[in-house]
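The structure under discussion appears below in the form of structure tokens.
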Amino acid sequence: MADDRPSSVASDDPTVSARLIGVVAARALDLAFPARCAGCGAEGKPICRACLPALDARLNLAPGVPIGLPASIPAPLLQLEWCASFSGTVRRALHELKYAGEQRLATPLGVAIARRWRHAGAGGDIVVHVPVSSERLRQRGYDQARLLAAVAAESLGLPFVDALERHRMTAPQFELDRSDRAGNVAGAFRVREPAGPAITGRWAVLVDDVATTGATLAACAEALLEGGAVAVSAITMAREG
Ligand SMILES: [Zn+2]
């Protein structure tokens, strides 16, 4: 697996410097608390080498929807791809990334998203994420989908754009029936004003941790198209249902 972290410390580019500070902080954290593999619990890495293939369960499958899942891709998404089913190692890893503060998981998971997109994705020239609400961001201190999207973008060599905001509170999708989910998130997202020029005329690849019906991704896609994007595709780490 390629290590996407920059190797040189000498740079005047403020973006690179900020990223390096993040890398240094992550390494300091590594030293303080060795990661435990989300798959098997072995100490060392957030996902050990033996458990890593679980992230690539669908890597070599053809793009598209296998038998047994709803065949339609929710409009206006052009494509909906995912890396693995929401179970086992992947489910535990996403849970730890989201609820246990294990942000180091964003690197192997984000790189796996990039691998799947490279194999199955068509088009795309910017990467955006499905944002959590500002309230959730305050509670958690970070946005797990943003971390995944930033890693995936870097791995794909595409710009990451912090394009969307969730401006209306929504009930957690898992609390709702499938049929109520689209109504819950419709109109909940909008393009952040400073991001307008960066998405105008672009084909956006939306990244999120888990998709079920795809209603949240579709609501984000509506907002991006309204904000000037010409097309929107999506990829998530996992899919359930
Ligand atoms: Zn393991």
**Asked** In terms of modelled amide H atoms, which long-range or inter-chain residues lie less than 5 Å from the amide H of residue 82?
**Response** 236
**Message:** Which of rounded, prolate or oblate describes segment 192-241 when judged by the alpha-carbon gyration tensor and an a/c cut-off of 1.5?
**Reply:** prolate
**Complete:** In Å, the Kirkwood hydrodynamic radius from C-alpha pairs for segment 71-140 sits at 14.2
**Prompt:** Roughly speaking, what % of Cα-Cα pairs in segment 110-241 are separated by over 20 Å, rounded to a whole number?
**Reply:** 40
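Only Lys, Arg, Asp and Glu count, each charged at its Cβ (+1, +1, -1, -1), so figure out the dipole size of segment 140-241 about its Cα centre, rounded to 20 debye.
The calculation lands at about 80 debye.
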**Fill in**
Once the dipole of segment 66-196 is set up from charges on Cβ (+1 Lys and Arg, -1 Asp and Glu), the residue from the list 95, 161, 185 lying farthest towards its positive end is 95
**Prompt:** What does the charge count near residue 119 come to, summing +1 for each Lys or Arg and -1 for each Asp or Glu among other residues with Cβ under 10 Å from its Cβ?
**Reply:** +2
**Fill in**
So, with points 7 Å from each Cα along the Cβ direction, the residue 137-residue 33 label distance in nm works out to 2.3
**Prompt:** What size of dipole, in debye to the nearest 20, comes out for segment 41-150 about its Cα centre when the only charges are +1 on Lys and Arg C-beta atoms and -1 on Asp and Glu C-beta atoms?
**Reply:** 180
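Segment 46-171: percent of C-alpha pairs farther apart than 26 Å?
Working: 1816 of 7875 pairs.
Here the tail beyond 26 Å accounts for 23 percent of pairs.
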**Item:** J(HN,Hα) series, segment 83-98, from Karplus relation 6.51 cos²θ - 1.76 cosθ + 1.60, nearest Hz, glycine and proline x
**Value:** 8, 6, 6, 7, 7, x, 4, 5, 5, 5, 5, 5, 5, 5, 5, 7
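Read the figures in this text as sums done on the coordinates, not as results from a lab. A quick note: this is a predicted structure, and the numbers were derived from the prediction, not measured. Reconstructed Cβ throughout: ideal geometry from the backbone, glycine too, with neighbour counts over all protein chains shown.
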